[in-house]
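What follows is one structure encoded as C-alpha cells, with my remarks underneath.
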Amino acid sequence: NFVQEFLLKLDHNSNQRLYSSLMESHRLFDIGAHKAAVISAIILLESTLRKVLNLKQWDRTRRPMSLRNLVRRAVEAQIISSDYQSQIDRWITIRNEIVHTDMSISPNEARRIVNGVEQLVANILNQY
C-alpha cells in the first residue's frame, strides 16, 4: 500500500504513530463505526499537517491553530495543492457536523473521506 511505503521513510516512532492512526481509521470503518472512522481520519490529517508545518500541539499563550488554518498554511507553503482545499473544507465541515450534531454519514461517504485523507497524507509525506 502506498501509504505504508511513505511511512517507511519516517523515523521509527513517527512511523508507528502515523501507521497506527491510519489503521485505526480503517479498523473503525470495518466494524461499522463510520462516524468514528471519519473523525479518526481527520485527526490523522491534522497531526500530519502539524508535523510537516513543524507546529507544536499546544501553545501556552493562545489556542491551537484550527484545522482550517493549518490547511490554509499548508496550501500557502505548497504542501497541499490549492485544488484540494475545497475538498478538505468539505471533509472538515462533515467532521464538525458529525461531532456536534446527530448527523449520520453513509458508509460510501465515510469510505471516500477515509480513503481521501489516506491519499492526501501519502502525498504530503511523499514531499518530506
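The values are calculated or read from the model by the stated rules, or taken from the named source; none is laboratory data. Quick caveat: nothing in here was measured; it's all calculated off a predicted structure. Neighbour counts run over all protein chains shown; Cβ positions are idealised from the backbone, glycine included.
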Scope the range 37-64; condition modelled with pLDDT of 60 or more and of a type in the set (Lys, Arg); matching residues
50, 51, 63
Neighbours by Cβ (under 9 Å, 6+ apart or cross-chain): first from the range 75-87, over 13 Å from residue 45 (Cα atoms); second in a loop (DSSP other than H, G, I, E, B)
75/81; 77/53; 78/127
